[in-house]
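The values are calculated or read from the model by the stated rules, or taken from the named source; none is laboratory data. Just so we're clear, the structure is a prediction, and the values are computed from it rather than from any experiment. Please note: Cβ atoms are built from the backbone with ideal geometry, for glycine as well, and neighbour counts cover all protein chains shown. These accessible areas exclude ligands, DNA and RNA; they are computed on the full protein's heavy atoms, side chains included. Shrake-Rupley method; radii C 1.70, N 1.55, O 1.52, S 1.80 Å.
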Amino acid sequence: MPSALQDALRAPAFIRRLFSQFPLVTHPVDPPPMCVEDFQPSATRQHSINHTLYSFTDSTDSSIASFNPTCLKWQTYLKIRNIPFKTQPSNNHASPSGSLPFLTISSQSDRTSQIIPSPKLAKWIEEHAVGSVNTVDTDDGDYRAFSSLVEGAVRDAWLYALYIDPENLSSLTIPKYTAQISLWPISQILGSQMRQAAIDAIRKSSTSTLPTATDIYERAIEAFSALSILLSGDTWFFGASEAGMFDAEVFAYTHLLLNLEIGGSGREVVEGLRGFGNLVEHEERIRRRWF
Amino acid sequence: MSPIELHVWNRAFGLPSLDPECLAAIAFLSSAIPQDLWVLVESNNAGVSPNGSLPALKDGSQWIGGFDAIVSHLNSKSAGGSDIDRSLTGLQKAQSVAYRSFIRKTCLPITSLSLYVTSKNWINVTRPLYSTFLQFPIQYEIPHTHHARAIALTAHLTSLIRDIAAEESRPLQPVSTAFAGITTTTDKSIPQEKEKITTRVRLRNLLADFLDPINEKLAGQSYFFGGASPTTIDCLLVGYLSLLLVPDLPSPWAKEILQNEFSDIVGYADNLKSACFTQDITYGTPDENDKLTLISWTKRTIEESPRSWGVSDEIPLNQEGHKARSTAFWVAVQGVIGLAATIGSVVAYKALTTEGKVDVELKEEVAGTEVYSTVRGAVGDVEGTGASNNGAEEGRLPIFRAEDMLGL
């Protein structure tokens, strides 16, 4: 008795009437997404900028310096190696690896985009950029020793001045890093989280249990003095004939220390840095040429 | 003039100290100033140091904490007379600063991994070592702090640590897999062997990160910058290297890799070690105030507790700031305790002196059963008031009387 069963299971008439109204409208199928390049003749396509560096920055113009030393280092190095790119203001949540910067590259041929996180950037640049005349070996002992000085003493002073010093934290760091979410309690909470992270980072790298700002700044100035001696009268570090990775690394800190309006206890390290004329000139040389 | 005192962590493994920075300071003092001008004090009391870590130097009434500060203090004190870097060029001095930072950054995780984080070494050697020179409650706290710091320093090596642990537990594995793979035992040993090799290669790479640049720089010379005598950087290097080379550990990967693949460095470290850690180091005893006693340890632990609880984690401008913060915290704690005690005593006083409450409670019990009447009798003077109010208060819940609440 299938008909009886069907009758029993049949929806009431008014519901059937209601459901028969759907779909109300059927839209036409969307075409696959197109990009600007599709409308351009292939000759100009070659020159369009397809690379985007996602970093902590205020602008999409790649000649505006990022306010984060690591981002600025890669931004500078990409510029030094003549790779055209634009920057994109971003934050950690955007990054697949959780840290900025990263570069997205889209190739013209198959229109796929690829993400290069910062640890792989050096290799990518080496493979894709025009060869550089800077032949400084990044595996060299001196290179690594001085690099650890920048990543140690100089970075600690930067962290203290920008994240732990309350004056700069509220006037520089919080407004810059939380520009996209400038809602009152959130920016303050993020600020205190960043501050705690900076304290932990300094504690980890310090050999003393009770580090103080005075020690941190003294060590940074000692580091700048060592870098100044290393640079001596040369144009670029390690006597190279063209700027390289190490120049970008030093510039990332010297540029930000000299050009952000750092107040509070941070003035001590900025004044210390100004005492090394050749480092200030080195900063100016890169800034004038690429920014 | 009393000799300068160098306060360090205890001797261990046949070395004068168990800490690389302390070893470096010992090496520096023995190469920079005459033996009769300083004594080595194994105070084990990090509380004496202004920066909270050993080594610390006591020069008269002045305290200097940390290797770098000790070096610059002695250099300025002797007006360059004891400056073992005086023959270096400007660039070499700059390199010395850079390599100091490089050695600490790359080698500290390795020594921590070898002595504290490789669990076999920590359980069998390093952990028991602390019990030999520290007294009862302290012998649990100090090694724990050192272990925690070592874990933090090696946080980026987690997968390697897991591999080392897996390799260590290998001898147990044949027992558990014996039933599962009687026929395939020979096959099984091959991937295990392979795994052991990859762990070894990764450890080798870790060591090479640190040692290759040093090897390159040494190039067979007996000192880092050539010359005829050690410089500051040699002292720091011998401190770190001897902790990798000297201890006999149950999991001796660091020693084995060094001896197999970096024989030049081993030779360099051995020479320096015998020159710097001589047998004729004079040992001194700490002053009463500088000793690590239960009282001084407790005092310091309490002082530092706001920081270790994460209540006031802060990096102040200078050393006074640390003390000030700790004091401020304890003043606040005392204030809160004081306030709570005051309120508590007022409440208690009111509660005890308000008659109604006390006798109503008694009466309730009395109203319940007759058994309590004997107890009531023992209470004495309460009996009278309780009995007289008995009828009037019946049927009310006595504790929640609104007027009693207002009476406070």
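Listing for the model above:
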quantity: Condition met for A:ASP247 (of a type outside the set (Lys, Arg), open to solvent by 50 Å² or more (accessible area, probe 1.4 Å) and either under 20 Å from A:ASN68 (Cβ atoms) or within 12 Å of another protein chain (Cβ to nearest Cβ) (or both)); calculated: no
quantity: Restricting the stretch A:168-186 to residues that are open to solvent by less than 60 Å² (accessible area, probe 1.4 Å) and without any contact (Cβ under 8 Å) to a residue 60 or more places away in the chain, the residue that is nearest to the other protein chains (Cβ to nearest Cβ); calculated: A:LEU169
quantity: From the options B:THR186, B:THR231, residue that is farther than 20 Å from B:CYS22 by Cα, away from every other protein chain (no Cβ under 14 Å) and either at pLDDT 85 or above or open to solvent by 30 Å² or more (accessible area, probe 1.4 Å) (or both); calculated: B:THR186
quantity: Pick from the stretch B:79-116, criterion open to solvent by 50 Å² or more (accessible area, probe 1.4 Å) and away from chain A (no Cβ under 14 Å), ranking: nearest to A:SER205 (Cα to Cα); calculated: B:ARG86
quantity: Check on B:ASP270, part of a helix (DSSP H, G or I) and open to solvent by 60 Å² or more (accessible area, probe 1.4 Å); calculated: yes
quantity: Within the stretch A:228-238, tally of residues that are touching a Leu at 6+ places or on another chain (Cβ under 9 Å) and either more than 10 Å from chain B (Cβ to nearest Cβ) or on the phi < 0 side of the Ramachandran plot (or both); calculated: 6
quantity: Unmet requirement for A:VAL270, which otherwise passes all of (1) in a helix (DSSP H, G or I); (2) surrounded by 22 or more Cβ atoms within 10 Å (Cβ to Cβ); (3) more than 10 Å from chain B (Cβ to nearest Cβ); calculated: (2)
quantity: Selected residue (only one of A:GLU242, A:GLU261, A:GLU284 is in the same structural domain as A:TRP158 (by TED's automatic domain parsing), open to solvent by 20 Å² or more (accessible area, probe 1.4 Å), part of a loop (DSSP other than H, G, I, E, B) and within 17 Å of A:PHE67 (Cα to Cα)); calculated: A:GLU261
quantity: Of all residues making up the stretch B:216-242, the number that are touching a strand residue (DSSP E or B) at 6+ places or on another chain (Cβ under 7 Å) and over 15 Å from B:GLY267 (Cβ atoms); calculated: 0
quantity: Conditions (1) farther than 21 Å from A:GLY272 by Cα; (2) aliphatic (A, V, I, L, M); (3) without any contact (Cβ under 8 Å) to a residue 12 or more places away in the chain; number of the one not met by A:ALA198; calculated: (3)
quantity: Evaluation of A:VAL130 against (1) within 19 Å of the chain's Cα centre (by Cα); (2) exposed (fewer than 14 other Cβ atoms within 10 Å of the Cβ) (one fails), failing number; calculated: (1)
quantity: Contacts under 8 angstrom Cβ, first residue in the stretch B:70-91 being in contact (Cβ under 8 Å) with a residue 60 or more places away in the chain, partner open to solvent by 40 Å² or more (accessible area, probe 1.4 Å) and part of a loop (DSSP other than H, G, I, E, B), 6 or more apart; calculated: B:ILE84/B:SER229; B:SER87/B:GLY227
quantity: Number of positions in the stretch A:146-167 that are open to solvent by 40 Å² or more (accessible area, probe 1.4 Å) and facing chain B (nearest Cβ under 10 Å); calculated: 1
quantity: Any hit, the stretch A:187-203, residues being in a loop (DSSP other than H, G, I, E, B) and at the interface with chain B (Cβ under 10 Å from one of its Cβ atoms); calculated: no
quantity: Residue selected from the stretch A:97-113 under the condition more than 20 Å from A:PRO69 (Cα to Cα) and modelled with pLDDT under 80, by the criterion most open to solvent (accessible area, probe 1.4 Å); calculated: A:ARG111
quantity: Residue in the stretch A:209-227 that is nearest to A:ARG267 (Cα to Cα), counting only those that are of a type in the set (Ser, Thr, Tyr) and at the interface with chain B (Cβ under 8 Å from one of its Cβ atoms); calculated: A:THR214
quantity: Selection status of A:SER208, over 25 Å from A:TRP74 (Cα atoms) and in contact with a strand residue (DSSP E or B) (Cβ under 9 Å, 6 or more places away or on another chain); calculated: yes
quantity: Qualifying residue in the stretch B:296-313 (condition: modelled with pLDDT of 75 or more and small (Gly, Ala, Ser)); calculated: yes
